[in-house]
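Undergrad: Sharing a structure, written as structure tokens. Questions coming.
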Amino acid sequence: MNLKVRFLGVRGSLPSPLAPSEIDDRIVSLLEDFLEFRKSQSSLSPRDFVDSIPFEKKGGFGGNTPCIEYTFGEDRLIIDGGSGIRALGAELMAGPCGKGKGELHIYLTHFHWDHLIGFPFFVPIFIPGNTIHIYGVHQELEAVFKTLFKKPYFPVPFEQLGAKLVFHSVPPRMPFSIGSIKVTPYQLDHPDPCWGARVEAGGRSVAHCVDTEATRTTDEQLGADLPLYQNADLMIFDAMYTLGEAIEKMNWGHSAATIGLDLAFRQNIRKVVFMHHDPSSSDAKVAKAAAQTLRYYDSQFKQARRQKVELPAIEWSFAREGLTIEFDEKH
């Protein structure tokens, strides 16, 4: 079996769909590029042209807020219920959840709106017979969730939800299991405590570190939360800002990709995916941040060579909706 990680929502703060005018401009730009493309590549098809275009100029990174799905065989863990969870709910309705025989497990890192906004539109929660387990470190977990389904915020009250909801208040830094998936909550650096998680299955590990400013970077500063990061196969990290923006917005609880790379170098993490893109950032701006990150990454190796220090290579990318990463089981 393989551990699969699927990104269903990668924006932060609030959903940010493309405006009709933005889509219109993007189509015009692509058609203009295609005309130039055909001048020198007349034998190639429209599909060849589309395949040659960077994804940020096509569909882009996506506008839904955080929701990540982890699967290992038949076991499934969902982290956070941002607007990205809506499409997942529709997908799940084709299976047992649509027949009222589904059982789901959802871990909430914290209660900011961008991580909760999708729940009232998550169809399996309305189907009698389904059982949905909600996990979180915060003691007010059940009370906050019930507030989502209360007038005047939403027309369907909590008591009328069809599915059975089971709330689990889990202790910090103590593992709990969802089938073969082990989850251990660790605290991140974010206003209103946010609890990331180390997700482990099949000998693989993921450090889920979304919504963190990463103000603690050394082993000593991280203290009891250091195991979240150490030797993880993948780190999912908050890169809402460029480094300059992060400095300007200290104590806002979000970070930059360059900070995540430094953390990955230090903690022997070989793969990093950056997400929680600022809703005000266009796809072009996120792509520009990725280019800046590449320059920083290359500069670190140049500096290491000058100092005759060996740095490990890190595979990194900026997340887009639909991105799926798969790890073979390690024996």
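Undergrad: With charges only on Cβ, +1 for K and R and -1 for D and E, what is the dipole size of region 1-55 about its Cα centre, in debye, rounded to 20?
TA: Using only the charged Cβ atoms, the result is roughly 380 debye.
Undergrad: Taking region 277-331, which trypsin sites (Lys or Arg not before Pro) meet the DSSP loop condition and have no more than 11 other C-beta atoms within 10 Å?
TA: 308, 330
Undergrad: Another question about this same structure. How long is the gain from residue 159 to residue 326 if the chain were fully straight, where each residue apart is worth 0.36 nm and the alpha carbon distance is subtracted?
TA: Fully extending the segment from residue 159 to residue 326 adds 56.3 nm.
Undergrad: Counting other beta carbons within 10 Å of each residue's own, what order do 255, 299, 281 fall into, fewest first?
TA: Values: 255 28, 299 11, 281 20.
By the 10 Å Cβ count, ascending: 299, 281, 255.
Undergrad: Okay, moving on. Between residue 18 and residue 305, how high is the FRET efficiency from 1/(1 + (r/R0)^6) when r is the Cβ-Cβ distance and R₀ = 51 Å? Nearest 0.05.
TA: 0.75
Undergrad: Which is farthest toward the positive dipole end of the chain among 244, 72, 157, measuring Cα position about the Cα centre, with Cβ charges +1 (Lys, Arg) and -1 (Asp, Glu)?
TA: 72
Undergrad: Additional query: Have a look at 261, 284, 96 and report the one farthest towards the positive end of the charge dipole of the chain, computed about the Cα centre with Cβ charges (Lys/Arg +1, Asp/Glu -1).
TA: Result: 96.
Undergrad: Right, something else. Restricting to DSSP loop positions (anything but H, G, I, E, B) with no more than 15 other Cβ atoms inside 10 Å of their own Cβ, which trypsin sites (Lys or Arg not before Pro) remain in region 1-74? Show your work: numbers first, answer last.
TA: Working: sites: 4, 6, 11, 26, 38, 39, 47, 57, 58; in loops: 58.
Sites meeting the loop and neighbour criteria: 58.
Undergrad: Now for a different question. Treating the beta-carbon of each Lys and Arg as +1 and of each Asp and Glu as -1, no other charges, what is the dipole magnitude of region 36-109 about its Cα centre, to the nearest 20 debye? Kindly include the intermediate steps, with their values, before the conclusion.
TA: Working: 9 positive and 10 negative charges, 73 e Å.
Dipole size: approximately 340 debye.
Undergrad: Let me ask you something else. With both bridge residues required to lie in the chain, what share of the DSSP beta bridges run antiparallel, to the nearest 5%?
TA: Roughly 55 percent of the beta bridges in the chain run antiparallel, per DSSP.
Undergrad: If you don't mind, there's one more thing I want to ask. Need one number: nm distance between label points at residue 176 and residue 266, each 7 Å from Cα along Cα→Cβ, rounded to one decimal.
TA: Using points 7 Å along Cα→Cβ, the separation is 3.0 nm.
Undergrad: Let me ask you something else. At a 10 Å Cβ-Cβ cut-off, how would you order 194, 67, fewest neighbours first?
TA: Lowest count first: 194, 67.
Undergrad: Using the crude model of +1 on Lys and Arg Cβ and -1 on Asp and Glu Cβ, and no other charge, please compute the dipole size for region 197-331 relative to its Cα centre, in debye to 20.
TA: Around 580 debye, computed over region 197-331.
Undergrad: Less than 13 Å from a label point 7 Å out along the Cα-to-Cβ axis of residue 121: which backbone N atoms in region 67-107 qualify, by residue?
TA: Flagged as within label range: 82-90.
Undergrad: For residue 226 paired with residue 101, estimate the spin-label separation in nm (one decimal), with each label point 7 Å from Cα along the Cα-to-Cβ line.
TA: 4.9 nm
Undergrad: Here's something else I'd like to know. Put +1 on the Cβ of each Lys and Arg and -1 on the Cβ of each Asp and Glu in the chain; which of 118, 44, 187 then has its Cα farthest toward the positive end of the dipole?
TA: The listed residue farthest towards the positive side: 44.
Undergrad: List every DSSP H helix in the chain whose Cα atoms extend 18 Å or more along the helix's own long axis and whose mean Kyte-Doolittle hydropathy is at least -1.0.
TA: In the chain, the long hydrophobic H runs are 20-40.
Undergrad: What net charge do the residues around residue 278 carry, taking every other residue with its C-beta under 11 Å from that of residue 278, with Lys and Arg at +1 and Asp and Glu at -1? Present the calculation step by step, with values, prior to reporting the outcome.
TA: Numbers: positive: 11, 249, 285; negative: 238, 245.
My count for the surroundings of residue 278 gives +1.
Undergrad: Then there's this: Under a Cβ-Cβ cut-off of 12 Å, what is the net charge of the residues other than residue 60 that fall near it, where Lys and Arg count +1 and Asp and Glu count -1?
TA: Within the 12 Å Cβ shell, the charges total +2.
Undergrad: Compute the FRET efficiency between residue 317 and residue 90 as 1/(1 + (r/R0)^6), taking r as their Cβ-Cβ distance and R0 = 30 Å, and round to the nearest 0.05.
TA: 0.70
Undergrad: Can you give the FRET efficiency for residue 30 and residue 169, using 1/(1 + (r/R0)^6), R0 = 56 Å, r = Cβ-Cβ distance, to the nearest 0.05?
TA: 0.65
Bear in mind that the values in this text are calculations on the coordinates, not laboratory data. Values in this document were obtained by computation on a predicted structure and should not be read as measured data. Glycine gets a Cβ as well: all are built from the backbone with ideal geometry, and neighbour counts include every protein chain shown.
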